[in-house]
1. May I ask you to verify whether L28 is aliphatic (A, V, I, L, M), under 25 Å from D161 (Cβ atoms) and without any contact (Cβ under 8 Å) to a residue 24 or more places away in the chain?
2. Show the residue pairs meeting these rules: Cβ distance below 6 Å; 6+ apart or different chains; first residue within the stretch 145-168 and under 19 Å from R92 (Cα atoms) and assigned to a loop (DSSP other than H, G, I, E, B); second residue open to solvent by 60 Å² or more (accessible area, probe 1.4 Å) and at pLDDT 85 or above.
3. Among the residues of the stretch 1-52, what is the count of those that are at pLDDT below 80 and not charged (D, E, K, R)?
4. Can A81 be described as of a type in the set (G, A, S), crowded, with 17+ Cβ neighbours inside 10 Å and at pLDDT 95 or above?
5. Of the residues Y40, Y84, only one is of a type in the set (S, T, Y), touching a residue at least 60 places away in the same chain (Cβ under 8 Å) and not in a loop (DSSP other than H, G, I, E, B); which?
6. In the stretch 43-72, how many are free of Cβ contacts under 8 Å to residues at least 12 places away in the same chain and closer than 14 Å to L136 by Cα?
7. Open to solvent by 40 Å² or more (accessible area, probe 1.4 Å) and of a type outside the set (D, E): which single residue out of L28, L70 fits that description?
Amino acid sequence: MRPSKRHRLEKRERELKWRSRKRVDPLLGRHLIEAQKPRYALLAGAVVALAGAMIWTIVALATSFAIEWLALGIGAACGLAVGYFGRAVDRRFARMSAYCCILACVGGELLVAYALQLDIWLLYTAKSLTLLVVFLLAGAVIAHLCTFAWLSRDQKKALWDERHKSRDEPPGA
């Protein structure tokens, strides 16, 4: 049975739309990989981690109890700073931002303990320490995910094509 005229026209329109879609520059992926700045990423992550530790300390001392969910915000800030200033496209930048988040939160806790002249283990019970660890890991995951938030869809496609072009090429090409 032959498809109706409307279906044939719709199929033709879809084909035209597919052919006229915007192509990604094949050199964009290579350019993004070469434009990474690990030193700037480390510097930005360290500055944001230091600021995050200070914020963690100020909030904990002002409220008289630990607010563990601050780790999520610190993780997002670390991820965005490392990604944007380092022009991050590799996983090593995501790990760097996660480490910065964890160091910021642990550093904030150490500053709280120092300010209160307490042993760090006296600040927590087993339940609150477990909650802190959970939020630290969640903050690290958020930092990992936010590292690549600055990339557009076309840039992500170009990176995908660049990383997988050797797999797509036929052998002997």
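The values are calculated or read from the model by the stated rules, or taken from the named source; none is laboratory data. For clarity, every value in this text was computed on a predicted model and none was experimentally measured. We place every Cβ from the backbone using ideal geometry, glycine too, and count neighbours over all the protein chains shown. Keep in mind that these areas ignore ligands, DNA and RNA; they rest on the heavy atoms of the full protein, side chains included. Shrake-Rupley method; radii C 1.70, N 1.55, O 1.52, S 1.80 Å.
1. Here the answer is no, as L28 does not meet what is asked.
2. These pairs meet every condition: W150/Y84.
3. 10
4. Taking the combined requirement at face value, the residue satisfies it.
5. Just a single option satisfies the conditions, and that option is Y84.
6. Looking only at that region, the number is 1.
7. None of the others qualify; the one that does is L28.
Residue by residue, here is whether (1) part of a helix (DSSP H, G or I); (2) under 14 Å from V133 (Cα atoms); (3) of a type in the set (S, T, N, Q); (4) open to solvent by 60 Å² or more (accessible area, probe 1.4 Å) holds:
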site	(1), (2), (3), (4)
L61	yes, no, no, yes
F65	no, no, no, yes
C100	yes, no, no, no
Y114	yes, no, no, yes
